[in-house]
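If you scroll down you'll find the structure; I have some questions about it.
The values are calculated or read from the model by the stated rules, or taken from the named source; none is laboratory data. Small disclaimer: the values here were computed from a predicted structure and weren't measured. Ideal geometry is used to build each Cβ from the backbone, glycine not excepted, and the neighbour counts take in all protein chains shown.
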Amino acid sequence: MKKILPNGLEVRDSYRLLSSVIAPRPIAFVSTVNKNGVPNAAPFCFFMGLTPSPPMIAFSCIRRGDSKKDTIRNIESGRDFVINIVDENLTQAMNMASGSYPPDMSEFDVTGLTPVPSEIVTSPRIAESPVHLECKLRTIVELGDVPTSLVIGEIVCYHVRESLLVDGIVDVKKLHAVGRLGESVYARMTDLFDMIRPA
Ligand SMILES: Cc1cc2nc3c(=O)[nH]c(=O)nc-3n(C[C@H](O)[C@H](O)[C@H](O)COP(=O)(O)O)c2cc1C
């Protein structure tokens, strides 16, 4: 085994190593709206579920140079966001939305994706995604030497494509969610297996 001490690594190498060992990661395609009403969408794969009751999730967003990314600024001002799950049909648009666009240029215009109003929050949902999680901001924790915002949100409304719902949960075999591995490598869920847990 090769020993690697993180404090000897450049930030970029540290990020590359971390994202290559925690893989695959789910992708949160986060939609928000800015103060001028411009809808925004960007993917984040440092993303996880936190608690079942109330359901809470978290994702983290690294600063772009000295400035906060649009997603963080929009969540700070609007106090809510929507997480849209990425399936195989959404991958190209998700990737396009990850480009650095100015705050008043909407990724919905860039990608052709369709914003639809949410039930409870002001942020829009992405119509093309099979699952939308409307979230209210709980808190943002600032972490790290390279400032990184850990966003914690509470899911206040789920929207699930009807054909995917079985017994109150999403049929993961039909969802075709996409995962991110290192750098530009992604995974399709095409080789699934069952395993029963011990009592
Ligand atoms: C699949 C994927 C996952 C990403 N995950 C993250 C992440 O976890 N944290 C982060 O800060 N940026 C992440 N990015 C980069 C952001 O999507 C990118 O910086 C984007 O331009 C932010 O947009 P915004 O300024 O509209 O918020 C990811 C990009 C891709 C393609």
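When residue 138 is evaluated against the numbered criteria (1) charged (D, E, K, R); (2) assigned to a loop (DSSP other than H, G, I, E, B); (3) under 20 Å from the mean Cα position of the chain (by Cα), which criterion, by number, is the only one it fails?
Of everything listed in (1) charged (D, E, K, R); (2) assigned to a loop (DSSP other than H, G, I, E, B); (3) under 20 Å from the mean Cα position of the chain (by Cα), residue 138 misses just condition (2).
List pairs: first in the stretch 92-116 and touching a residue at least 40 places away in the same chain (Cβ under 8 Å), second more than 7 Å from the ligand (Cβ to nearest atom) and charged (D, E, K, R), Cβ under 8 Å, 6+ apart or cross-chain?
103/73; 113/128; 115/125
Kindly check whether there is at least one residue in the stretch 18-25 that is within 8 Å of the ligand (Cβ to nearest atom), touching a residue at least 12 places away in the same chain (Cβ under 8 Å), touching a strand residue (DSSP E or B) at 6+ places or on another chain (Cβ under 6 Å) and not basic (Lys, Arg).
no
Which one of these is within 11 Å of the ligand (Cβ to nearest atom) and within 21 Å of residue 164 (Cα to Cα): 146, 86, 38? Before the answer, list the steps.
Numbers: 146 fails: within 21 Å of residue 164 (Cα to Cα); 38 fails: within 21 Å of residue 164 (Cα to Cα).
Only one candidate qualifies: 86.
List pairs: first residue in the stretch 52-64 and among the aliphatic types (A, V, I, L, M), second residue in a loop (DSSP other than H, G, I, E, B) and surrounded by fewer than 15 Cβ atoms within 10 Å (Cβ to Cβ) anywhere in the structure, Cβ distance under 9 angstrom, at least six positions apart or on different chains.
From the stretch 52-64, the pairs are 62/144; 62/146; 62/147.
Can you tell me which of 160, 172, 178 is touching a residue at least 12 places away in the same chain (Cβ under 8 Å) and touching a Phe, Trp or Tyr at 6+ places or on another chain (Cβ under 6 Å)? So that I can check it myself, show each step before the final result.
Working: 160 fails: touching a Phe, Trp or Tyr at 6+ places or on another chain (Cβ under 6 Å); 172 fails: touching a Phe, Trp or Tyr at 6+ places or on another chain (Cβ under 6 Å).
Unique residue meeting the criteria: 178.
Out of the stretch 1-56, which residues are exposed (fewer than 14 other Cβ atoms within 10 Å of the Cβ), part of a strand (DSSP E or B) and polar (S, T, N, Q)?
Once the filter is applied, which keeps residues that are exposed (fewer than 14 other Cβ atoms within 10 Å of the Cβ), part of a strand (DSSP E or B) and polar (S, T, N, Q), the stretch 1-56 yields only 51.
One residue is enough: does the stretch 146-156 have a residue meeting the conditions modelled with pLDDT under 95, surrounded by 12 or more Cβ atoms within 10 Å (Cβ to Cβ), under 22 Å from residue 50 (Cβ atoms) and not aliphatic (A, V, I, L, M)?
yes
Restricting the stretch 65-78 to residues that are in contact (Cβ under 8 Å) with a residue 24 or more places away in the chain and among the acidic types (Asp, Glu), which is surrounded by the most Cβ atoms within 10 Å (Cβ to Cβ)?
First pass over the stretch 65-78, keeping only residues in contact (Cβ under 8 Å) with a residue 24 or more places away in the chain: 68-78.
Going one step further and asking which of them are among the acidic types (Asp, Glu), we end up with 70, 76.
On the way: 70: 24, 76: 14.
Looking at residues that are in contact (Cβ under 8 Å) with a residue 24 or more places away in the chain and among the acidic types (Asp, Glu), I get 70.
Across the stretch 160-199, what is the number of residues that are surrounded by 12 or more Cβ atoms within 10 Å (Cβ to Cβ) and in a strand (DSSP E or B)?
So the count comes out to 10.
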